[in-house]
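Here's the structure, in structure tokens; my notes come after.
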Amino acid sequence: MMDLLSYFRTAFDLLLVLGGFSLIIVAHELGHFAAARWAGIRVLAFAVGFGPAMVSFRKGLGWRRGSSEAEYNRLIGKARASSDPQAAEMSPTEYRLNVLPFGGYVKMLGQDDAAPTAISDAPDGYQRCPVWKRMIVISAGVVMNMIVAAVLFVIVFMIGLRTEAPMVGDVLPGSPAAAAGLLPGDVVLSIDGSTPSSFTDVMVASAMARKGRPIDITVQRRGRPEPLRVTVEPKEDPETRMLQVGIAPASSTTVITPKGAENLKQFRRIAEDSELPGLEPGMVLKSIDGSPAHSLADLSLAARNSNGRPITVAFEDARGGAPLTFTLNPSPQSQTASVPPPDRGEQETIVPHVLGLMPVMQVSYVTDAGERAGLRAGDLLERIGGLEWPNPLDGQREIRANARKTLAISVLRPAGSSYERIDLPAVPVGRDKTIGFGYRLGSRAPARVASWPEGSQPEGTPRLIRGTRIVAVNGHPVSDMGDIQRQVRRMIAAGGGQDAPVMLDVELPPTAMSPEPATEKIEWRLTPEQYRAVADAGWESPIPGALFEPEYILDKAESPIGALRKGLERTRTVMLSTYITFARLFQGSIKVQHLKGPVGIAHVGTLLAQKGFVWLLFFLGLISVNLAVVNFLPIPIADGGQFVFLLYEAIFRRPASVAVQNFAAITGLVLIVGLFVVVTFNDVVNLFASGR
């Protein structure tokens, strides 16, 4: 029943988006229509939708089923032949509602973008109108879209838009933001000269930056009276292929309330894996070591300043349930390294590791799909396809490369004090390129060593056989990568110099020749770089931000004048961002796959429509601005291309030749159709890849 309701809700949201998008196009055409009537150009048709007419209206004839064009031409011919005054009473303009009620068009006498030869010498034809008036007619659609966008934005900001705060929630290790010294809880006041209203603005400004050029970010840090200004050079994200600085949005202190039984089950799995048993949706993080918690960033800062000491956190249930208190052990911050891509043309990948040791993939939790495949929480992945003892990066790549196929997987499953080997010969990989499990990274990953990804392994890493389990460090038992760092830090704190060896007790993986694991002792000497990396490493919160609601703010104007100001500013910002997007596309920092076509726009629209009607209005405002900007680019058959021809005619006192206009029309049509095919293909691929 819930799936059926979800389907109908999505279908209704899709109709809302398509209807809103259609109204924006109609408004665009209404601008052309009004300007043409003002300029004295004969308008033959104003149509809503495409295809054959369902109903039509013409002054002097009234309503008709279908089009009245044939009837009008017949009657006007008779009336003129007999000098019948009825000809003056019939309007040349037909108003149509077509079969496909999405979009619309205006048909003017003597004007056809796709057929430059379809001209007219009539006094009220398009060509007989002065050039400056035709410029106004061509520009009127864009102007109308800008007006519609401004009105929509004014309505949005009068009501208020609930959006993610422009605040740093987390800083990714090894990222440009980490190198610049940004911290969780920093509020972004300006980025690259503009004031962000939301976290999305921060991400867009990073993506729109010129490749290789640093940007300035000004933040307000709690406890610091003056704003802090830092310089950050955005780097390309290997997943999205877009420029980013390496920050995550802020999370509030309110635990998420998942929708649907599957999401609720997933929530409980993640909470249990995060050692938060009993955590319930809707609970609120009230205090950290006795101090009030204002956002999840406070927990990140408390972990950073803990020096590894346990942290006590208290949750309260807003519905009156019993409060919960947990003692959390901060995790040592992992090191990061750049790994070359497997294919040329791709960017390097930043991977976490511990002193050059990469962990074997270990299942932290499973979804229903992963459970059906036979996986269980705690499983160590001994083999994925052709990879033996895969690290998380290579294992993820192998899974993604086999989307919609099956993979042979072998796991070591905990069984008391030992492990049981389980073979899963045909594990299905979904269309979203996942199997259905989460895996541990960084300090919480198992102390079992995987192969290093293709590329140069950090100097000083002990040469261990893949699958080797580190049992103890300096005589102290360890279970995960964080324990290894803790014991090395303990040695450093106890006065162990850079020349002091680290003693490892290891257990070699079983083989066909030696099914029983063998143990060895290995002496490991850290390099000066490794020594400093451990000594300088910070501490992280073990609680994932995914368990909490985002930190929202209400972007609302205080008055209608303020809403108008916000609306105009937002219109200007979106317009400039759209132009910059095309500039960055040619520069290479924005890829074609980042552009969205009709399918992608409709998909994003339905997601935003689910967030509420205000978000739908905001989305339509964005679309209206983008339609105006794209339509006024100097592309043949678009308004911008027609405006260029009018400029030529105004300068040289004659229109461009029909051959030139025909060539331009064909070229423009090929460009637009080609772009349409590419972005629609990307939309469909991304839609299926996301599994939605």
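The values are calculated or read from the model by the stated rules, or taken from the named source; none is laboratory data. Predicted model, so just to flag it, every value in this text is computed and none were measured. Virtual Cβ from ideal backbone geometry, glycine too; neighbours counted across all protein chains shown. These area figures cover heavy atoms from the full protein model, side chains too; ligands, DNA and RNA do not enter into them. Shrake-Rupley method; radii C 1.70, N 1.55, O 1.52, S 1.80 Å.
A cut-off under 12 angstrom between Cβ atoms defines the neighbours of Met54, and their net charge, with Lys, Arg +1 and Asp, Glu -1, is +3.
Computed on the Cα trace of region 463-564, the radius of gyration divided by the Kirkwood hydrodynamic radius gives Rg/Rh = 1.34. Per-peptide packing, taken as the mean over residues of other Cβ atoms within 10 Å, places 136-144, 516-524, 285-293 in the sequence 136-144, 285-293, 516-524 from highest down.
In Å², what does the accessible area per residue of region 617-660 work out to with a 1.4 Å probe?
46 Å²
On region 356-474, 46 percent of the accessible area sits on carbon and sulfur atoms, based on a 1.4 Å probe.
Just to confirm, what accessible area per residue do you get for region 402-499 at 1.4 Å probe, in whole Å²? Don't skip to the end; give the middle numbers.
Working: 4890 Å² over 98 residues.
So region 402-499 comes to 50 Å² accessible per residue, rounded to a whole number.
Once the chain from Ile651 to Arg221 is taken as fully extended at 0.36 nm per residue, the excess over their C-alpha distance is 149.2 nm.
Using the Cβ-Cβ distance between Arg229 and Ala535 with R0 set to 25 Å, the FRET efficiency works out to roughly 0.30. Rounded to the nearest whole Hz, the Karplus-based 3J(HN,Hα) values (6.51 cos²θ - 1.76 cosθ + 1.60, θ = phi - 60°) of region 130-143 follow the sequence x, 4, 5, 6, 5, 4, 5, 4, 5, 7, 5, x, 5, 4, with x at glycine and proline.
Between the amide H of Ala408 and those of Gly385, Val427, distances stay under 5 Å, these residues lying 5 or more places away or on another chain, with hydrogens modeled in the peptide plane. Residue by residue, region 636-642 carries 3J(HN,Hα) couplings of x, 6, 8, 4, x, x, 5 Hz when phi is fed to the Karplus relation 6.51 cos²θ - 1.76 cosθ + 1.60 (θ = phi - 60°); x denotes Gly or Pro. The value obtained for region 349-442, namely the Cα convex hull volume divided by the number of residues, is 101 Å³ per residue. Peptide packing: for 479-486, 96-103, the average count of neighbouring Cβ atoms within 10 Å per residue gives the ranking 479-486, 96-103, highest mean first.
Using θ = phi - 60° in the Karplus curve 6.51 cos²θ - 1.76 cosθ + 1.60, the 3J(HN,Hα) couplings for region 313-328 round to 10, 10, 10, 10, 9, 5, 8, x, x, 5, x, 10, 10, 10, 10, 9 Hz; x is entered for Gly and Pro. Calculate the FRET efficiency for Arg319 and Arg404 from the Cβ-Cβ distance with a Förster distance of 45 Å, rounded to the nearest 0.05. It comes out at approximately 0.60. Annotation for Lys521 and Lys211: the two label points, set 7 Å from Cα along the Cα-Cβ direction, are 5.4 nm apart. Between the amide H of Ser334 and those of Ser443, distances stay under 5 Å, these residues lying 5 or more places away or on another chain, with hydrogens modeled in the peptide plane.
Model label points for Ser456 and Arg309, set 7 angstrom from Cα along the Cα-to-Cβ axis, are 4.1 nm apart. Remark: C-alpha extents of region 293-420 on the principal axes read 49, 36, 32 Å, sorted largest to smallest. Please identify which residues in region 356-384 have an amide N closer than 17 Å to a label point set 7 Å out from the Cα of Arg413, following the Cα→Cβ vector. Counting only backbone N, you get 362-384.
In the context of the full set of protein chains, residues of region 118-269 present 45 Å² of accessible surface per residue (probe radius 1.4 Å, heavy atoms only).
Residues of region 307-327 with an amide N closer than 16 Å to a point placed 7 Å from the Cα of Lys286 along the Cα-to-Cβ direction: 312-327.
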